[in-house]
Structures are given as structure tokens and as C-alpha cells.
1. Gap in Å between the Cα centre of region 563-583 and the Cα centre of region 1-77?
2. Can you list the lysines whose alpha carbon sits under 24 Å from that of Lys219, skipping same-chain ones fewer than 8 residues off?
3. Between Glu450 and Leu467, what is the label-point separation in nm under the 7 Å Cα-to-beta-carbon projection?
4. I need the calculated FRET efficiency for the pair Val82 and Arg248, taking r as the beta carbon distance and R₀ as 56 Å, to the nearest 0.05.
5. Could you give the nm distance between label points at Ala617 and Lys104, where each point is 7 Å from its Cα heading toward the beta carbon?
6. At 7 Å along the Cα-to-beta-carbon direction for both Phe190 and Asn262, put a label point, then send me their distance in nm to one decimal.
7. Against the longest principal axis of the chain, how steep is helix 29-61, in degrees 0 to 90 to the nearest 10, with axes from Cα atoms?
8. Can you work out the FRET efficiency for the pair Cys476 and Gln377, with r the C-beta to C-beta distance and R0 = 22 Å, to the nearest 0.05?
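Each reported figure results from applying straightforward, stated rules to the coordinates on display, with no laboratory input. Predicted model only: the values in this text are computed from it and were never measured. Don't worry about glycine lacking a Cβ; one is built from the backbone with ideal geometry, like all the others, and counts go over all protein chains shown.
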Amino acid sequence: MHKTKHSMSWRELFKLNHRALKLFYQRQPQMVISRFLQVIWTVLTPYVGIFLSARIIDELAGGRDVQSLQMLVLIALVSAAVIALGSALLHRWAQTQNAGESLKVENILSEKMMEMDYAALDEPHTAEQLSTIRQNLNGGGWGLYRVIESYEKLGSSLFTILGGLALTVTLFVSRVPDTAGTLAWLNHPFAAMGIIAFLLGITLLAPMLQNRSESYFAKYADSHNLGNRLFSFFGFLGYNREYALDMRMYRQDRICDQYNCNKEGTFFSNGLFAHLARGPMGLYAAAGGAVSVLFTGVAYLFVCLKAMAGAFGLGSVTQYVASISKASGGVSGLVSALGLMRNNAAFLRLTFDFLDIPNHMYQGSLTVEKRNDRKYQVEFRNVSFRYPGSDNYALRHVNMKFEIGRRLAVVGMNGSGKTTFIKLLCRLYDPTEGEILLNGIDIRKYNYREYMNIFSVVFQDFQLLALRLGENVASCVHYDREKVTDCLRKAGFSERLSDMELGPDTYLYKDYDENGVDISGGEAQKIAIARTLYKDAPFLILDEPTAALDPIAEAENYSRFDQIAGDKTAIYISHRLSSCKFCDEIVVFHEGAVIQRGTHDALVVDERGKYYELWQAKAQYYVETSCSF
Ligand code: ADP
């Protein structure tokens, strides 16, 4: 059993909750305002009814003046109508504003993911943090989901108490007549104070016991999270298309069953939470319920004694009893709202630890000059790089200048540093030593978004989204159909496109549309190439895909890429040496360093060079396809 430390001062607790509330307010102020107004309205309006009913009863039991009664009934009716109308309007407003709350929470998290240093995404700790936050949100609704709710409860309790107090003050100050005899002690100030203290004590005790019971969830958050993670992993494995084949082939469902039916599991009959529920959690909850019943009895007794002694009439009895119960509900609500905030604060702290992961990399502000002549000169100057947490250099003293409009091929064995080189060029990481320059200025100084605009990359493990083909190509919901079609045609996708009834509006995969199409690795690469074309950036980069294509299909893609690169600067990263033959320059990477560079014809005759070795090793594959260049 893991206990989570969650001691925290009230100050920090309010700071965390307040900061979280601000996050929502900044994104959707109307959501926050409408929900609070609704709370205030819902809480205060019942007192109008309580007050007016008391006056009507008093009138009935006392003066019985018809005109006064008529007036009171009329006021009661009109106010009831106004209250109902206001409630309906506020409810509607809050409902519509509230619709996207979970989406807002997702936005907060995903915005952070987008602006975070890429290197931080690599850290296993980051993934773990995010996954824990999501488990807390989806499992118990803890974290950001509880923020507005906590404030609603807090506000609602405070206003309930205020309203209740306003209608109960006279109970304590009204005096019983001196003729009351034995009941005259009710006039003694200690009587009122004693009763107030007793009622307050019970009122506080009940929710404290309840919170104590619920605090076990926060206390054992780690086990709770682990349980949820296991459940969401194993529980849904069977539905996951990517896993389905292996699941069936190796009967992995048996492993899942073992986890799902494990009686010792966190939420199962012999598990931690069942154990806690049978023990302290259950006892505290039961004691909390029992104690609140005492309250009602004592409050009734006090009001009835005073009424019997003649301090006030029948109408006031109903008013006091109703208001005291409400105010006491308010105090319970207040304690439970504070308890909720307290229990939730540990989860909020976790959320903010994640949201506060520093962003060091993307702080540059220099604008990238827009050049119609595409004359963007990029240079690697003595660049060395180690991945965070790694002792080995993935790149060593790389010096390179990209000639504008030329074709550069980067070749080398697996792990020689080719992909790392591209990642540095795209500033997914910054060099450990040396610098990369764009038109003579360190790329760190540029606004990152603008800098990225000059590159179009087909990454090694590029991904397409299960959305419309056009959305994939344009990376935008509103796409130019003609331009999309043209880019797909240039990328060699025409034939397949003509089979699609909806053309660029066809959904890829079946996740969101049952008529969506499945596509092969080669077709996916064509779509990815069309995407680079649509972006129309001055640098085109093609990293070899990990999913093996057959050499002919791949060579075809490379050659097409060469044609469509036109006057752009193009960089190819490839094992397929044959497909690099057309390049103006080939650089050979080995163990992170550039060990050879030159044209294919010059490199292939250097029998002692790495290029020659690679060429010989792979030659048998490419003899046929290389003829096409
Ligand atoms: P290539 O693209 O030539 O196959 P890479 O650039 O992917 O080579 O890898 C270069 C070296 O960096 C390899 O030794 C690889 O293991 C290491 N490497 C790649 N990615 C990471 C990473 N995220 N963290 C640590 N080391 C990495």
C-alpha cells in the first residue's frame, strides 16, 4: 500500500485552487460566471419562499386580515414565478457554457504538450506524470474536473449560511415573556450560546467524519492510479485494433483475465479499497450520517420550547426550523467543500507540476525573413549532440552547409546519427556543443513557429490522422480541394484517389467513419509527401520510413520526390544508396560523425571508404531499381 503525502497548508491549498479556477476563467469566463450565478440564485431564492410562507401562516394564525392575506399570496405567487423563470434561464445558460468542460481540461493539457520542449516529452517521467493526471481525471474525477465544483460548493454553502442566518437572528434575540415561568431560562444569554455551540459542533462533526472517510482515496492515490491504469489497459485491450491480432494469436486475453479477475486487485472484493470500505472508510461515513440526525432533533426542541413559552407565533416556527436546517446544511457543505478542496489539492499539485515543466527552448523572438527567392542558408557549425541522460554522443563535430536549391543525401548505417541530424535541424533538440545558423544567425534566436515554417519533413515514423484525406494533406479542417488533389497527384496518389468516391473528403481508417479507407505503407507515404507539398516550404526533408516498403515502391517515391522538390532545397535520409544517386552531394554518417562527402560517382570508386562498403553490401537489392535514375 502506498500512501501519498498530501500535507499542505491552507494557503497553498487556496493558491492551487485559485490558480486552477483562473485557468478555466481565462479560457471560458462565461462558464465560470454562469455557474456561480446559478449557485447564488439556487441557494438564496428558497429563503424568499420560507419567509413568505411564515408570514402567511402568521397572518392565518393571527390577524386573519383578508386584504393582507391577498397581498401576501400575490407576492408569493409573483416571486415564485420570477424565481422559476430566473432558474430556468440561468440553468440553460450554465448548461450550454458547461458543455465543453472536459474538452477545456484536455485543451489545457494538450496545449502544454505542444509548447513543451521536445526533449521533455522524451523523459519517461513526463509521460508518467501525464498518464497519472489523466487517470485521476477519468478514474475519480480528481484534479481540474473538481475545481469549479469545489468553488460551487464553497459558494453555495457560504450563501446558504448567510441566508439562513439572516432569517434566524430573531430566534435567538426574541425573548420569551416573563410570565413563561420555568421556561424563562430561555432568555439567558448562555441558553442561546449553548444551543448555538452545540448545533455548530454537530454541524462540523458530521462532514468532518465524511471527509475523513473520503480522504482514503487521496491517501492511497498511488494504488488507486495503478488500479485505474491496469483497468484501462487490460479492460480495453480487446477493443484495440492494433493489439487485436496478437491478442487472438497468443491468447493474451488469458493474461487480461488474470488481471481483471484478480480478487486482490485495488478495486476488487479482497482489494485495498474493499478492505478500507469494510473498515475505517465505512465506519467514518456511517458515524457522519448518524450524527447529523441529532442536529435536527435539538434544533426542533429549542424552537418549539421558545414558541411554547410564547416568544413567537406559529409562522416563525416554520421559518426558524427551515432556516436552521438550511444554515446547518450550509455549514456541513462548507466543511465538505473545504475537505473536497483539500483532497483535490494533492491532485492539482500534480497537475501544476506538469504544467510548470519549464520551457527553455522555444523562447526566441526573431522573425524569419520572408523571402520569395527561397534563399535560406542553413549551416551546422561544429555541432555535437548527446541525448538528454545519455553519455554517448549521437553527433560529433558536424559541419555542413546546405546549398540552396540543391539535393543532399544523408546515408549511413542504422544508429549512425542521420535522424538525430534532422531533429537538430528542426530544433526538436538544441546542440550540446556548436551551433546551427539560419542566414548567419543562431536558430535559437528565431521565433520557433516561424523557423519551422521553412521546413516540410516526412519523418521516419510519420503519422496520419484518422480524419479526412484533405485534412491530412492540408493539416487544416478547411482545405482547398483542388490544391489537395493536385498535391496528391504530384505525390503519385492519383490512381487510388480516383477510386475514392468522396475524393479528398474520404476518411482515412475507420475510427471515425465506417466508410473510411485503410491504406498501405506506400500509400501513406505518398499522402505524407503530398502534405509536405501542400505546406510549400523552402526545405523538403524525407527521412526513410521505418515500415519497410518494397525497394521498387520506395525508389519510385524517391524519384517522384526529386521531381516535386523543384527549386527547393531537399534532404534525403536513406539506406537505399541507389535512390540517392541523383543527389548533388552525399554525406556519409558513421557513429555520429560525417566521414565522407561527395557525389555518388566520386564516392563509389573509393574502395576503402564506408560508402563503397555500404554500396557493395546493398548492391544486390538495387541493381534493377537504380537503373531508373
Ligand atoms: P539513424 O537515424 O542513423 O538510424 P539515429 O539518429 O536515430 O540514427 O540514432 C543515433 C544514435 O542516437 C543511436 O546510437 C541511437 O541509439 C541514439 N538515440 C536515438 N534516439 C535517442 C533518444 N531519444 N535517446 C537516446 N539516444 C537516442
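1. Using only Cα atoms to place each centre, the spacing works out to 69 Å.
2. Straight-distance partners of Lys219: Lys3, Lys5, Lys15, Lys153, Lys263.
3. Placing both labels 7 Å along Cα→Cβ, they lie 2.6 nm apart.
4. Details: r = 64 Å, r/R0 = 1.14.
Working from the Cβ atoms, E equals 0.30.
5. Distance between the two pseudo-spin positions: 5.6 nm.
6. 6.2
7. Result, in degrees: 10.
8. On the way: r = 29 Å, r/R0 = 1.34.
Calculated value: 0.15.
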